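The values are calculated or read from the model by the stated rules, or taken from the named source; none is laboratory data. In this text, all values refer to a predicted model and were calculated from it rather than measured experimentally. Heads up, the Cβs are rebuilt from the backbone with ideal geometry, glycines too, and the neighbour counts pull from every protein chain shown. SASA here: full protein model, heavy atoms, side chains in, ligands and nucleic acids out. Shrake-Rupley method; radii C 1.70, N 1.55, O 1.52, S 1.80 Å.
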Amino acid sequence: MMFNGRILLMLLALVCYTGASAQDDDDDDPRKAFEKARKQMHKDYDDFRKQALAEYSEFVRQAWKKFDAEPAVPAPKEEEILPQLAPGADQETASWFGKQLEKLGGLFKSKGRKVPENLQPKPEPQPQTKSKKPVEKKPIEVAVQEVIKPEPAIKQPEPLAEVKEETFRANSYMKFEVFGTECKVRIGDNCRFKLKDVSGNTVADVIADEFLKPQYDNMLYDCLQERKRHEFSDWTYYQMLKVLTSKFYGEGTNEAVLAQAFLYSQSGYKMRLAHDDTSLYMLAATRHFIYNKLFFSLDGEWYFMLDGKQSDKLGICQASFPKESSLSLQISTAQRLAMNPSNERVLRSRKNPDFAFTIRSNKNYIDFLGTYPSSTVNNNFMTRWSMYANCPLDENIREQLYPQMKEKLEGKTELQSVQELLWWMHGNIDLEGEIQNADCFLYRYDEDVWGVDRAFFGEETLFYPYCDCEDRSILLSHFVRDVVGLDVVLVYYPGHLAMAVHFNEPVEGDYVMCEGRKFIVVDPTYIGSNVGETMPMVANEPTTVILLNRS
């Protein structure tokens, strides 16, 4: 029979206690003996964490060494493939698409860039006559050279031992906001300290003299409770600790950095303290490689400077804490952030005007996603897309869109449902300006909008007026998986990202084979296309297939 480890410890403690205290008054009261054993066990857990912290402080006095930073690595950049118009597109779609390209060409000219050939002015396409038969096209199997599997779910780090709440003379709660969401932590003047310098001895003294006090247990306990209550990911929790310590100790101060490092490491995360003789830094170990940030290679791991000035040479404390875990950039659950509604936005299909939705985005969620760093798993750039696509959509968006989508798709086949969603994602624009915020999924290069390459989470594509191929494919993959209930893969061609769907019913069209299953190509940037049609300029290119999780 398997026993829970904690229960077993309690039983052993009870046996030891009752055997050693046969002459105590409690000898005839097993309940009291058990309670004493339970309290002793909790004390041992508490002492274990604090003992480790005390030992860590001694290492901090001496374990410093100078290191040179590795230069920040920019995210790989490729020339994007512009959207194309499908040959079978109707006259209205062709006219609308031509106006989009005209605007895009004007943007190129205004920035002094050469206008690509497919943005050069062309005569207005003529509608096809009814007598003209469409040319039958034989489905092609798209070549696959690599398959990227989803990263396994990663358990969130935990403290070395249970963190006890101290209720005697506890501090009052201080409220603060993290992405517009109220959090509260007990903290007061007895939690203030000063660093006269950033030497190892000074830092160690604060750890030993301050952080072992009970008021810091409450700080840590409350932070962990907020992480649990809001289902904060590692990245959100990191941001929360930064906001908390900046508010109480002063933004960018050495005291704020050390307090954040204490709370972060005691929550189970791996970090290293560092300084440049005047300023203290916290370097965070990560499971993912982060672009555009200086980092240090220590003991075979990456430690990134996520905040503060990017100093390329630091004295780093190599002292470690038991059972520490690296930060993960996975977001496996939707973050519970307070609602800050945007203006209404109308998202209407040009092909089917009845397929329309009016939504309000949560600006707090958009602000949070805007802090997310560009990163990869195992230094493979292709893994970036799955991290965005496998992050669940905000509950606010799902509650607004999903019931309406299911109602509008009721009675349709799988193919009809995916086709309806595909046409919707091809985009729309209110050319006469009659409907406020009616522009829907308009194409722009990231560099022209943001100045850098930037992938979107699904919520961002619904909020911002402009998006590109990867943003459309990531968002559409959510709807097909969550609403229609089908498996989806992303399909990466050099410079272009589309997707493919595994149908449970026979569907003809271009396809990729992945793990013995057939996935039909669906391209939200091939304007006017049907399910199963591949953009011609990438049709013969080898692809990378990125497997996605189902919500």
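Of all residues in region 274-292, which are closer than 22 Å to residue 156 by Cβ and part of a loop (DSSP other than H, G, I, E, B)? Scanning region 274-292 gives a single hit, 287.
When residues in region 190-221 are screened for being part of a loop (DSSP other than H, G, I, E, B) and over 23 Å from residue 252 (Cβ atoms), 2 of them pass.
Residues checked against (1) farther than 25 Å from residue 59 by Cα; (2) open to solvent by 10 Å² or more (accessible area, probe 1.4 Å):
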position: 240; (1), (2): yes, no
position: 246; (1), (2): yes, yes
position: 267; (1), (2): no, no
position: 270; (1), (2): no, yes
position: 292; (1), (2): yes, yes
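Applying the selection to region 159-189, what residues are part of a strand (DSSP E or B) and under 28 Å from the mean Cα position of the chain (by Cα)? Listed by number, the residues that qualify are 174, 175, 176, 177, 178, 181, 182, 183, 184, 185.
Got a number for residues in region 76-95 being in a loop (DSSP other than H, G, I, E, B) and either open to solvent by 30 Å² or more (accessible area, probe 1.4 Å) or among the acidic types (Asp, Glu) (or both)? Summing the residues that are in a loop (DSSP other than H, G, I, E, B) and either open to solvent by 30 Å² or more (accessible area, probe 1.4 Å) or among the acidic types (Asp, Glu) (or both) in region 76-95 gives 8.
As a summary of the residue check, residue 337 satisfies the conditions (1) of a type in the set (A, V, I, L, M); (2) part of a loop (DSSP other than H, G, I, E, B); (3) within 26 Å of residue 383 (Cα to Cα) except for the one numbered (3). Screening region 461-551 for strands (runs of 3 or more DSSP E) wholly inside it with 1 or more residues that are in contact with a Phe, Trp or Tyr (Cβ under 8 Å, 6 or more places away or on another chain), more than 28 Å from residue 90 (Cα to Cα) and open to solvent by less than 30 Å² (accessible area, probe 1.4 Å) returns the ranges 487-493, 543-547.
Taken together, 118, 190 contain a single residue that is out of contact with any Phe, Trp or Tyr (no Cβ under 6 Å at 6 or more places or on another chain), surrounded by fewer than 17 Cβ atoms within 10 Å (Cβ to Cβ) and at pLDDT 90 or above, which is 190. Within the span defined as region 317-335, one or more residues are of a type in the set (Lys, Arg), closer than 26 Å to residue 269 by Cβ, touching a residue at least 40 places away in the same chain (Cβ under 8 Å) and open to solvent by 20 Å² or more (accessible area, probe 1.4 Å). Within region 215-236, being surrounded by fewer than 16 Cβ atoms within 10 Å (Cβ to Cβ) and in contact with a Phe, Trp or Tyr (Cβ under 9 Å, 6 or more places away or on another chain) holds for no residue. Of the listed requirements (1) modelled with pLDDT of 75 or more; (2) touching a helix residue (DSSP H, G or I) at 6+ places or on another chain (Cβ under 7 Å), residue 74 misses just one: (2). With respect to (1) open to solvent by 10 Å² or more (accessible area, probe 1.4 Å); (2) assigned to a strand (DSSP E or B); (3) of a type outside the set (Asp, Glu); (4) more than 30 Å from residue 93 (Cα to Cα), the lone exception for residue 311 is condition (2). Restricted to region 347-367, and to residues there that are within 12 Å of residue 424 (Cβ to Cβ) and not charged (D, E, K, R), the residue that is surrounded by the fewest Cβ atoms within 10 Å (Cβ to Cβ) is 353.
Of all the listed residues (63, 69, 86), the sole one being closer than 30 Å to residue 496 by Cβ, within 35 Å of the chain's Cα centre (by Cα), at pLDDT 80 or above and not basic (Lys, Arg) is 86. Residues that are touching a residue at least 60 places away in the same chain (Cβ under 8 Å) and of a type outside the set (A, V, I, L, M) were ranked within region 248-264; the one that is surrounded by the fewest Cβ atoms within 10 Å (Cβ to Cβ) is 255.
Considering only residues in region 277-290 that are open to solvent by 30 Å² or more (accessible area, probe 1.4 Å) and closer than 22 Å to residue 196 by Cα, the one that is nearest to the chain's Cα centre (by Cα) turns out to be 279. Of all the criteria given as (1) over 30 Å from residue 395 (Cβ atoms); (2) of a type in the set (Ser, Thr, Tyr); (3) surrounded by 21 or more Cβ atoms within 10 Å (Cβ to Cβ); (4) in contact (Cβ under 8 Å) with a residue 60 or more places away in the chain, the one not satisfied by residue 303 is (4). The residues of region 162-187 that are aliphatic (A, V, I, L, M) and open to solvent by 20 Å² or more (accessible area, probe 1.4 Å), listed by number, are 170, 174. Quick check, is residue 334 closer than 25 Å to residue 396 by Cβ and touching a Pro at 6+ places or on another chain (Cβ under 7 Å)? Taking the combined requirement at face value, the residue satisfies it. Evaluate the following for residue 420: is it in contact with a Ser or Thr (Cβ under 7 Å, 6 or more places away or on another chain), open to solvent by 10 Å² or more (accessible area, probe 1.4 Å), among the charged types (D, E, K, R) and touching a residue at least 60 places away in the same chain (Cβ under 8 Å)? No; evaluated as a whole, the condition is false for this residue. Of all the criteria given as (1) farther than 18 Å from residue 487 by Cβ; (2) assigned to a helix (DSSP H, G or I); (3) open to solvent by less than 40 Å² (accessible area, probe 1.4 Å); (4) not small (Gly, Ala, Ser), the one not satisfied by residue 404 is (3). Do we have residue 319 as part of a loop (DSSP other than H, G, I, E, B), under 30 Å from residue 358 (Cα atoms) and out of contact with any strand residue (DSSP E or B) (no Cβ under 7 Å at 6 or more places or on another chain) here? For residue 319, the condition - part of a loop (DSSP other than H, G, I, E, B), under 30 Å from residue 358 (Cα atoms) and out of contact with any strand residue (DSSP E or B) (no Cβ under 7 Å at 6 or more places or on another chain) - is not met.
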